[in-house]
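Only one structure is covered here, and it is reproduced in the block below.
The values are calculated or read from the model by the stated rules, or taken from the named source; none is laboratory data. It should be emphasised that the depicted structure is a prediction, and the values quoted were computed from it without experimental measurement. Note that each Cβ is placed from the backbone with ideal geometry, even for glycine, and that neighbours are counted across all protein chains shown.
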Amino acid sequence: MSDAPAPKPGQTQTIELQIGMVAEVMTPDNRLIYVGRIEKIQNGGIYIREINDDTLPMVLINKPVKVRFYRETDNIVLHAKVCGSTVKMWKVDRLQSTFVKEQRAFFRQSISVNIEARCGRRPSRGGMPKAFFPCQVLDISAGGILINCAEPFAEGDRLVIADAPLVANAPTFNFSCQIRRAGEWKKGVSRYGCQFDSLNPKDQDRLLQAIFTIQREEIRKRKAR
């Protein structure tokens, strides 16, 4: 995979993309439309097939979209326009780089899941294991997690999250992370933005698949309304 730097804003971009890459196709205001994979790159056009071969919504030619392409170590967000479509795949072209802050941020998926977290700075007492505290997941990405909790943690604290059930009837997740942002949400409850410690490629891929599963379920619910 190319290690070339991301393009400058406004620069047309196709050379860093490869067949098989996972892509999130979004509206310009970041509402997810579908998750797919690059099936073909031809004459400046990128063919993105729905990842589970589900039926895609109808789309007008030249519709502006934003596409997040997942690479091995990061992701890149590009503006594009739809230049062709079928019920299973959209073709986009006129890809241009977007703002640097969007290149750095992973897509965040809203979710409501009860978990337990343990703080690394709290010593165990009398040989007993450190306590886990009940928390709730508010959103998650490939890079981190947002939780709320009545326990007063602090920025810089390291948390261990055990057996997080992100997807029903699927294996749970264990995370180690550091609190980057902390603030009171409502009386007695705070929100904590946490960055994951390095996930190995297998665990990150499994996490991405879980996030995609949650996204697909939300898309199906929207279609059913």
Quiz prompt | segment 25-40, residues that are part of a strand (DSSP E or B) and either within 19 Å of H79 (Cβ to Cβ) or aromatic (F, W, Y) (or both) | solution = V25, M26, L32, I33, Y34, V35, G36, I38
Quiz prompt | Hits in segment 62-79 - residues which are touching a Pro at 6+ places or on another chain (Cβ under 8 Å), more than 15 Å from Y34 (Cα to Cα) and either assigned to a strand (DSSP E or B) or among the basic types (K, R) (or both) | solution = H79
Exercise. Give segment 167-221 a look and list any residue that's surrounded by 12 or more Cβ atoms within 10 Å (Cβ to Cβ), modelled with pLDDT under 90 and over 17 Å from the mean Cα position of the chain (by Cα), or say none.
Key: A170, W185
Exercise. Give the number of residues within segment 41-59 that are touching a residue at least 24 places away in the same chain (Cβ under 8 Å), assigned to a strand (DSSP E or B) and farther than 13 Å from K88 by Cβ.
Key: 3
Practice problem: Return the pairs, sorted by first residue and then second, in which the second residue is among the basic types (K, R) and surrounded by 12 or more Cβ atoms within 10 Å (Cβ to Cβ), the first residue lies in segment 150-163 and is touching a residue at least 24 places away in the same chain (Cβ under 8 Å) and over 7 Å from S176 (Cα atoms), the beta carbons are less than 8 Å apart, and the residues are 6+ apart or on different chains. | Solution: E155/R180; E155/R181; A162/R118
Practice problem: Quick one: count up the residues across segment 57-94 that are of a type in the set (D, E, K, R) and more than 22 Å from N43 (Cβ to Cβ). | Solution: 4
Quiz item: From the residues in segment 41-68 that are within 22 Å of the chain's Cα centre (by Cα) and of a type in the set (K, R), which one is farthest from Q109 (Cα to Cα)?
Solution: R49
Self-check item: Any hit, segment 74-97, residues being in contact with a helix residue (DSSP H, G or I) (Cβ under 9 Å, 6 or more places away or on another chain), among the charged types (D, E, K, R) and surrounded by 16 or more Cβ atoms within 10 Å (Cβ to Cβ)
Solution: no
Self-check item: R180 vs. criteria within 25 Å of N75 (Cα to Cα), touching a residue at least 24 places away in the same chain (Cβ under 8 Å) and not assigned by TED's automatic domain parsing to the domain that holds I51
Solution: yes
